[in-house]
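S.K.: Take this structure, written in structure tokens, and hold onto it; I'll ask about it next.
The values are calculated or read from the model by the stated rules, or taken from the named source; none is laboratory data. Given the structure is predicted, the values throughout are model-derived calculations rather than measurements. Glycine also receives a Cβ, built like all others from the backbone with ideal geometry; neighbour counts cover every protein chain displayed. To get the accessible areas, we keep the full protein, side chains included, count just its heavy atoms, and leave off ligands, DNA and RNA. Shrake-Rupley method; radii C 1.70, N 1.55, O 1.52, S 1.80 Å.
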Amino acid sequence: MRKGRLAAIVAAPMAVALLATGCGGGGGGASEDGVITVNTTEPENPLVPGNTTETGGGKVVDALFTGLMRYSPDDGTAQMAHAESITPSENNTKFTVKLKPDWTFHDGTPVTAENYVRAWNYNAYGPNGMSTESFFSNIQGYEQVTSEDPDGDDGPQQAPQPQAEQMSGLQVVDQNTFEVTLSEPFASFPITLGYSAFSPLPNSFFENKEAFEENPIGNGPFRFESREPNTDIRVRAFDEYKGDDKPSIRGVDFIVYNELEGAYQDVISGNLDFVEQVPPSALVDEKWRQDLGDRALEKKALLNTALDFPLYDQKYQDPKVRKAISLAINREEIAQQVFNGSRTPATGYVPEGLPGYETGACGEACEFNPERAKQLMSETNFQGPVTISSNADGGHKEWIDAVCGNIRNNLGLECGFNPVPTFSEFLTMHKEKAHTGPFRFGWVADYPSPETFLAKIYKTGASSNYKDYSNPAFDQKVNEANAASTVEEANALYREAEQILVEDMPSIPLFDQSAQAGHSERLTNVKVTPFRELDLASVRLTEQQ
Amino acid sequence: MGRYVLRRLLQLVPVFIGTTFIIYYLVWSLPGDPFAGKCGERPCPPAYIAEMTEKYNLDDPVIVQYFKYLGKLLTGDFGETYAGVEISELILNAYPITLRLALVALVFAAVIGIGAGILTGLRGKGIVDNMVLVSTLFLISLPVFVTGFLAQVYLGTEWGLIRPTVSSSAPLSELIVPGLVLGSLSMAYVARLTRTSIIENKNADYVRTAVAKGLPGNRVVGVHILRNSLIPVITFLGVELGVLMGGAIVTEGVFNIRGIGGLVFNAIVRQEGMTVTGIVTLLVIVYLIMNLLVDLLYAVLDPRIRYD
């Protein structure tokens, strides 16, 4: 009998767990001294600034390159980085850029005005197929280096060869000076220049692109060390870096995680130093704050979510319908119950974290007021049902169901979630104008200016104006703001443009997002940027390490 | 025997072409433009899409695309991902890790499963039998991600006995817990399969004969009962290696193991048809070879089975 009982313990598979735990054990990462580990996802494109638009590759590119401007990790305001000065002409169409002298790339070659001009021309030139092409559309001569496909993307004809290879608006003056001429006035143009697509590229890039992709050479605070696909990307501090955001750490290992959950557990147990997002399961009941204690960080991020209307559909053309739906949504309750407070109710079309932004632009139109909603809706002929579309691969079902519940209860309309299987299918629907009801729209700032949240989405014919909104008064106001002589004046005018949107309500602002991040005990002075990245310049290792 | 093996090997060719074609076709005919989501919420420039379309021969009919792809594949060229990384390099990095993980899982499944099966099968009803039945039922009813997540949180984060995730080199010692999690389901099945099989054979005529001849107990059990009882178990384990290699997606996700599972999962999400097909091709080969090996093992276990 004794023997039998012993055997049973061995046989019961659960017991093996005890056996197995004898091996392994805590143990930190295999990093070198002064190197920190940060979670990332596998970059979707080669590590070239002009072709990187997603966050996985983006944070590596940001570490490797420094452009003319950079954004303050505290409030996101734009500051000079490699640029010594950017002087606008009187009407804000021509900008003279002076570079700080003696900067070098990681291969030792100097960073000159020529490197910027060549890189920008390369990124804008249509046939190169860079995904950031449209960022250069303000520059004079952009139309000449790109070409429209005569019969659309799906047609048999190829887009013709562009007329020119270089934009006429870029002129090198001397080694450290160049001039940018824009096709239209744009006072906030210098603010946009902190985006990584505007980084310079070394001459070796143009000589051998493939070799560059294997071993990217930047001019930033970190140089590329090694990359193992799907595993990690290692960068090390660049000792000759001249910028004032020189880091104190010796390097960063970006570790690829397939699941956020794993990265989060690793941060708690000290195997990873930083995770810039907390998995939804840990947000429930503020569990992440208990897990991480004072190592839990929260920061307003430049991200928002809205519900867009297909204005090409007869059904949604009456602004009263759109306003009534907006008034029927209890944003506060959804933010608390569905998002556990990780999102805040939107008070305007521009998220609150943006520099110079005042809250409350949307006013009463975005507040929960079921009586007023019902009353407004009764003045229209709208019958419903409302179907809200979103891609189903991004976890949007819960809040859309909650919004639908509000619409059902407060307006008495039928409402349902229409899941579109993948994000790419969802984008195809935008392009084909196939929506028959409101659809989710999320937007991340490319640079900290209200322009990115207004012009790119609501101007007539803008690249991401999927709802077909068109109001000449709004376009006019945005153009005025762009032409304003100072950034402050511009922001005031953007605010006026935003008021026009509140009147028309082509889309309903719903939530602003904040970033929840966590770090290990090895790090101190940890700052999360409004772009949800770790600020590598200020982070330090604790003494005992 | 030789002819049998040859015939089986030749059969692999149409199966191989058929499966890879179906996978290729399915992946590339997923609705939605595979490049539409590449540039965030903004549309991608047409030139970018045109370049990608040309690079992956997307303007050709699927069948032409497939043969172009197959032609390259036969010369060992698996193509590149959208990020410009050689797929063969990705597979080469990931395959050994997944194989190691699958083998750890298989060893657990075999050793513990067969052990528990023998114990309970020979002994018959009793406390041991009940315990094994209950614990296997428990394991079968738990989804792998629950077991994995519990192991990660308790053994890893709470008690600090293991690393919550596996480091990039994935040494064997770190794969023990993930392997156990991955193999837990097969372990339960193997235990039950062995138990039933032994109980069946215990009363077979040849066993009674062997006992009647006065053979020692060890020999009756080891040579007569076990050899025959293991045939279904071996079949199961053989196929299971293939399943474990392909099905490690969840376990690899939880423990962040840089194996095939995570690779294929990401490739499906990003609609990287080339990567998916390349990996599935290899998985198909593993399955086919394992099946062949299992069939050959039958003859070793039971001399009554002959090929030709």
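S.K.: Could you tally the net charge around residue B:244, taking each other residue with its Cβ under 12 Å from the Cβ of residue B:244, Lys/Arg +1 and Asp/Glu -1? Walk me through the numbers on the way to the answer.
M.R.: Numbers: positive: B:100; negative: B:240, B:252.
My count for the surroundings of residue B:244 gives -1.
S.K.: Could you work out how far apart the two model spin labels at residue B:123 and residue B:4 are, taking each label as a point 7 Å from the Cα in the direction of the beta carbon, and quote it in nm?
M.R.: Rounded to a tenth, the inter-label distance reads 3.7 nm.
S.K.: Give me the net charge of residue B:86's neighbourhood, meaning all other residues with Cβ under 10 Å from the Cβ of residue B:86; Lys, Arg count +1, Asp, Glu -1.
M.R.: Net charge around residue B:86: -3.
S.K.: How many square angstrom of accessible surface are buried between A and B, both sides summed, with a 1.4 Å probe and rounding to 100?
M.R.: Buried: approximately 5400 Å² between B and A.
S.K.: Based on the Cβ-Cβ distance from residue A:143 to residue B:268, what FRET efficiency comes out when R0 is 45 Å, to the nearest 0.05?
M.R.: 0.70
S.K.: Return the sequence-ordered ³J(HN,Hα) values of the stretch A:522-538 in whole Hz as given by the Karplus equation 6.51 cos²θ - 1.76 cosθ + 1.60 applied to θ = phi - 60°, using x for Gly and Pro.
M.R.: Couplings: 6, 9, 10, 6, 8, 10, 9, 7, x, 8, 6, 10, 7, 7, 6, 6, 9 Hz.
S.K.: Estimate the FRET efficiency between residue A:285 and residue A:537 by the formula 1/(1 + (r/R0)^6), using the beta-carbon distance for r and 41 Å for R0, to the nearest 0.05.
M.R.: 0.75
S.K.: Let me ask something else. Which residues, if any, in the stretch B:255-301 lose at least 40 square angstrom of accessible heavy-atom surface (probe 1.4 Å) when the other protein chains sit next to their chain rather than the chain being alone?
M.R.: B:256, B:258, B:266, B:270
S.K.: Follow-up. Give the lysines reachable from residue B:68 as a straight Cα distance under 20 Å; neighbours fewer than 8 places away on the same chain don't count.
M.R.: Partners found: B:55.
S.K.: Taking accessible area as the heavy-atom solvent-accessible surface of the protein chains with a 1.4 Å probe, which residues of the stretch B:62-95 lose no less than 10 Å² upon going from the isolated chain to the full protein assembly?
M.R.: B:82, B:83, B:84, B:85, B:89, B:90, B:93
S.K.: Shifting gears a bit: At R0 = 25 Å, how high is the FRET efficiency between residue B:25 and residue B:92 if r is their beta carbon distance? Nearest 0.05 is fine.
M.R.: 0.45
S.K.: If I model a spin label at residue A:184 and residue A:164 as a point 7 Å from the Cα along the Cα→Cβ vector, what separation in nanometres do I get?
M.R.: 1.9
S.K.: Loop-only check: which trypsin sites (Lys or Arg not before Pro) in the stretch B:135-234 are DSSP coil with at most 13 other Cβ within 10 angstrom?
M.R.: B:213
S.K.: If amide H atoms are built 1.01 Å from N in the plane of the peptide, which residues on other chains or at least 5 residues away come under 5 Å of the amide H of residue A:541?
M.R.: Sorted by chain and number, the residues that satisfy this are A:524.
S.K.: Based on DSSP, what percent of beta bridges with both residues in the protein assembly as shown are antiparallel, to the nearest 5?
M.R.: Among the beta bridges of the protein assembly as shown, antiparallel pairing accounts for roughly 80 percent.
S.K.: Need one number for the stretch B:1-87: average projected area of the convex hull over its C-alpha atoms, nm². Don't skip to the answer; put the middle values down first.
M.R.: Numbers: hull surface 28.8 nm².
The number I arrive at for the stretch B:1-87 is 7.2 nm².
S.K.: With a cut-off of 8 Å between alpha carbons and a minimum separation of six or more residues, what is the relative contact order of the stretch B:1-87 in percent?
M.R.: On the way: 27 pairs, mean separation 13.8, N = 87.
Relative contact order here is 16 percent.
S.K.: Counting only protein heavy atoms, probe 1.4 Å: which residues of the stretch A:122-143 lose 40 Å² or more of accessible surface in the full assembly compared with their chain by itself?
M.R.: Relative to the lone chain, where solvent access is computed with a 1.4 Å probe, the stretch A:122-143 loses at least 40 Å² at A:129, A:131.
S.K.: Read phi for every residue in the stretch A:208-219 and hand back ³J(HN,Hα) as whole Hz from Karplus 6.51 cos²θ - 1.76 cosθ + 1.60, θ = phi - 60°, with x for Gly and Pro.
M.R.: Running phi through 6.51 cos²θ - 1.76 cosθ + 1.60 with θ = phi - 60° gives 8, 5, 5, 5, 5, 5, 5, 9, x, 10, x, 10 Hz.
S.K.: Using Cα pairs under 8 angstrom and six or more residues apart, how large is the relative contact order of chain A, in percent?
M.R.: Reported relative contact order: 19 percent.
S.K.: Label the protein assembly as shown by shape, choosing from rounded, prolate and oblate, from the square roots a ≥ b ≥ c of the eigenvalues of the Cα gyration tensor; if a/c is under 1.5 it is rounded, and otherwise prolate applies when a/b is larger than b/c, oblate when it is not.
M.R.: prolate
S.K.: Then there is this: Relative contact order of chain B, please, whole-number percent, based on alpha carbon pairs below 8 angstrom and at least 6 residues apart.
M.R.: 27
S.K.: Past 32 Å, Cα to Cα, is the threshold; run A:209/A:467; A:323/A:431; A:59/A:242 against it and keep the listed order.
M.R.: A:209/A:467
S.K.: Still on this structure, please answer the following. Can you give me the distance in nm between label points at residue A:476 and residue A:521, each placed 7 Å from the Cα along the Cα-to-Cβ direction?
M.R.: For the pair residue A:476/residue A:521, the computed spacing is 6.4 nm.
S.K.: Quick one: net charge of residue A:93's neighbours, Cβ under 15 Å, K/R +1, D/E -1?
M.R.: Combined, the nearby Lys, Arg, Asp and Glu give -3.
S.K.: Over the stretch B:1-87, what percent of the accessible surface lies on carbon and sulfur atoms, probe 1.4 Å?
M.R.: 68
S.K.: With a 1.4 Å probe and every protein chain left in place, work out the accessible area per residue of chain A in Å², rounded to a whole number. Before the final figure, lay out the partial values.
M.R.: On the way: 21850 Å² over 545 residues.
Accessible surface, normalised per residue, equals 40 Å².
S.K.: Would you mind estimating how fast the stretch A:450-545 diffuses translationally, via Stokes-Einstein at 10 °C and 1.306 mPa s with the Kirkwood radius over Cα pairs, in µm²/s?
M.R.: Reported coefficient: 98 µm²/s.
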